[in-house]
Every structure is written in C-alpha cells, then in structure tokens.
Amino acid sequence: MSTALSVRLPDELAKKLSNVAVATERSKSFLVQKALEGYLQNQADLQVSLDRLRDTSDPIVSIEEIREEIGL
C-alpha cells in the first residue's frame, strides 16, 4: 500500500528535481521517495551515534588502539 503526499517546493528545487528526473529517466516521485528514505536513514544513524556518544558504559577506543588491533 502507498500513501499520496503533497508538498510545496521552491521553484529552483522543483526545477532541479525535474532536471534529474529527465536525466535519469526516473519519476519525480521515485526520486523524492529515495531522497526521503536516505534522509530518514541518516537521521536514524545520527540518533544511534548520539545515543552511543552519551552512553557512559560504552567504552571509548583510541585511534592508537584501533591501529594496533588492525596491525597498522
């Protein structure tokens, strides 16, 4: 199942989207969906990173320890 969504884009952004759609032979809907998927994944990754950064029980590994572990 899918849900229709309406958005307003600034003219310049809409023009860029149209140009990419033509160049890639993809629909604007496809490109917007992929861009949104990527953005949401990045936001989820950022949240995981911030959570780990704030977790005082998660050990901090120095660059020297990493280099030693991988043999550099």
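The angle separating the long axis of helix 11-24 from the principal Cα axis of greatest extent in the chain is about 90 degrees. Rounded to 0.05, the FRET efficiency of the Arg67 and Asp45 pair, given R0 = 25 Å and the Cβ-Cβ distance, is 0.55.
Taking Kirkwood radius over Cα pairs in Å straight from the coordinates, which label in (1) 12.5; (2) 13.3; (3) 16.2 is the correct one? The value matching this structure is (3). Relative to the dominant Cα principal axis of the chain, helix 28-54 is inclined by about 20°.
Extending 7 Å from Cα along the Cβ direction at Glu25 and again at Ser2 yields two label points whose distance is 1.9 nm.
Bear in mind that the values in this text are calculations on the coordinates, not laboratory data. The model shown is predicted, which means the values in this text are computed figures rather than measured ones. Neighbour counts are summed over all protein chains in view; Cβ atoms, including those assigned to glycine, are modelled from backbone coordinates with ideal geometry.
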